[in-house]
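What follows is a set of notes on a single structure, which appears directly below.
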Amino acid sequence: MKTINKDLLSNITILYIEDEKMIRDEVSYFFSKYVKNFHTATNGQEGLELYNQIKPDLIITDIQMPKMNGLDMIKEINNKKIPIIITTAFSDIDYFLKAIELNVNKFIIKPINLMELVKSIQECVYNNIIGDKLFEKENLLRIVDENVLISITDKDGKIIDASSAFCDFVEYSKEELIGKTHRILGHPDTTDEFYINMWQQISSGKKFNAEIKNRKKGGEIYWANLTITPVIKDNEVINYTAIRQDITNKKRLEQLAIEDTLTGVYNRRYFNKIIEKELRRTKRENLNLCLLSIDIDDFKKYNDTFGHPKGDEVLIKVAQSLKFSASRATDFVFRMGGEEFCIIFSGLDTEKSLEFSNELVKKIENLQIEHIEDRVVTISAGLVSMNANDILDEEELYRFSDDALYEAKARGKNQVVLFEKE
């Protein structure tokens, strides 16, 4: 896409809410050159009052602000048609998760990249409010080409046209894309089932919408909200039009919200969500639910002897080993804090659960990571394996596994103890 579409920006009204004066002044100064009607407010309450006066075409808002935060303001406005862009810091994770529920259009990570903000504004405005009201029809095709991530394929899925914006975004020229399928952008994480389901829908004439993970020409990963619309003539599909919205920032923030930044496994916040969800699921399906609480043996002594950077390396290696071993779709590995990990898994009887847990303990020992006194790094673990319908709640499950872990430590470490209720 072209960097700045002056025609588009000059025809819209923007409301920008930011409590930090330096940021607000910088963004306002930049947009004053392009947007005639660019209004600012310092908090959600001011923003709400200004919204009712000017009826903007688009809102840009910070999340955490005095008097009224950005999310409460959005709820008060309650206008699902108006595009909203959230500016957020990585520290705003809890607020960010609530913003997702409000169907916010775009997320810009602070510090604000002004050109990225321009791109997001132009995409939002076109996709939501542009229409004939703002532009003559002869200009619409040019605006689509410059601002919308769009491609057209024949009925066999081969690309027959693509917008300049899409080509620039994926880093392929139009000539490189024509005649290819979108598999050229495919990422290994996107399953065959995804494509099978997609083709079943669009080949029958139905619209398809989903989030998809892809790769640009240079290997950079991106996420997009993909909508494919079949074009039908004489009751037959003749081609497909695919429109995408870049949601990479949103997915990165979602990942940050559930992932431990050091080890890459899930964090405690996500544990609280998943354990409740898995307990409900296994109760419905009458399955065994297993929780394995894990602690690295004598980790404080390791840190005191070798230093915290080396300790971090141990945490990463242990987490990677656990994640590699617990790789089924219903296996979840978490770092609970410090040197403590948890694994939730299901569908195995008690004997097989214990066997699996012992294998994990042995694999950590086999890493042969040097410890003090000619020892190697080991773990202790407490296992609960019960029919989910015999479990009162997730707090009871965690307490049982923690009791078993304590017993494993007392028995000499480097082992698994199975919790037995009786």
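Scanning the stretch 218-228 for residues that are surrounded by 13 or more Cβ atoms within 10 Å (Cβ to Cβ) and touching a residue at least 24 places away in the same chain (Cβ under 8 Å) returns 221, 222, 223, 224, 228.
The residues of the stretch 49-62 that are surrounded by 21 or more Cβ atoms within 10 Å (Cβ to Cβ) and among the hydrophobic types (A, V, I, L, M, F, W, C), listed by number, are 58, 59, 60. Remark: pairs (first residue in the stretch 339-368, under 13 Å from residue 321 (Cα atoms) and in contact (Cβ under 8 Å) with a residue 12 or more places away in the chain; second residue open to solvent by 80 Å² or more (accessible area, probe 1.4 Å) and charged (D, E, K, R); Cβ separation under 8 Å; 6+ apart in sequence or on different chains) = 367/317.
Name the residue that is nearest to residue 85 (Cα to Cα), counting only residues in the stretch 24-72 that are among the hydroxyl-bearing types (Ser, Thr, Tyr) and touching a residue at least 24 places away in the same chain (Cβ under 8 Å). Restricting to residues being among the hydroxyl-bearing types (Ser, Thr, Tyr) and touching a residue at least 24 places away in the same chain (Cβ under 8 Å), the top hit is 61. Only residues that are closer than 26 Å to residue 317 by Cα, open to solvent by less than 70 Å² (accessible area, probe 1.4 Å) and among the aliphatic types (A, V, I, L, M): list them for the stretch 349-400, please. 354, 360, 361, 364, 369, 372, 376, 377, 379, 381, 383, 384, listed by residue number. Within the stretch 240-257, being farther than 26 Å from residue 122 by Cα and open to solvent by less than 30 Å² (accessible area, probe 1.4 Å) holds for one residue alone: 257. Checking each residue in the stretch 296-307 for being among the charged types (D, E, K, R) and either open to solvent by 50 Å² or more (accessible area, probe 1.4 Å) or under 28 Å from the mean Cα position of the chain (by Cα) (or both) picks out 300, 301, 304.
Return the residue satisfying two criteria in turn: it lies in the stretch 177-198 and is touching a residue at least 24 places away in the same chain (Cβ under 8 Å) and not acidic (Asp, Glu), and of such residues it is surrounded by the fewest Cβ atoms within 10 Å (Cβ to Cβ). This residue is 187.
Among the residues of the stretch 379-422, those identified as within 33 Å of the chain's Cα centre (by Cα) and of a type in the set (Val, Ile, Thr) are 379, 384, 391. Considering only the stretch 146-165, state which residues are in a strand (DSSP E or B), touching a residue at least 40 places away in the same chain (Cβ under 8 Å) and charged (D, E, K, R). Selection gives 154 alone. With the requirement that a residue be touching a helix residue (DSSP H, G or I) at 6+ places or on another chain (Cβ under 8 Å), touching a residue at least 24 places away in the same chain (Cβ under 8 Å) and within 26 Å of residue 393 (Cβ to Cβ), what does the stretch 251-268 give you? Within the stretch 251-268, 257, 260, 265, 266, 267 meet the criteria. Where helices (runs of 4 or more DSSP H) fall wholly inside the stretch 294-392, the ranges with 3 or more residues that are in contact with a strand residue (DSSP E or B) (Cβ under 7 Å, 6 or more places away or on another chain) and at negative phi are 308-325, 350-366. Restricted to the stretch 258-283, and to residues there that are farther than 14 Å from residue 330 by Cβ and not in a helix (DSSP H, G or I), the residue that is most open to solvent (accessible area, probe 1.4 Å) is 261.
The values are calculated or read from the model by the stated rules, or taken from the named source; none is laboratory data. Bear in mind the structure is a predicted one, so any value in this text is a computation, not a measurement. Counting neighbours? That spans all protein chains shown, and the Cβs are built from the backbone with ideal geometry, glycine included. What goes into the accessible areas is simple: the full protein's heavy atoms, side chains included, and nothing from ligands, DNA or RNA. Shrake-Rupley method; radii C 1.70, N 1.55, O 1.52, S 1.80 Å.
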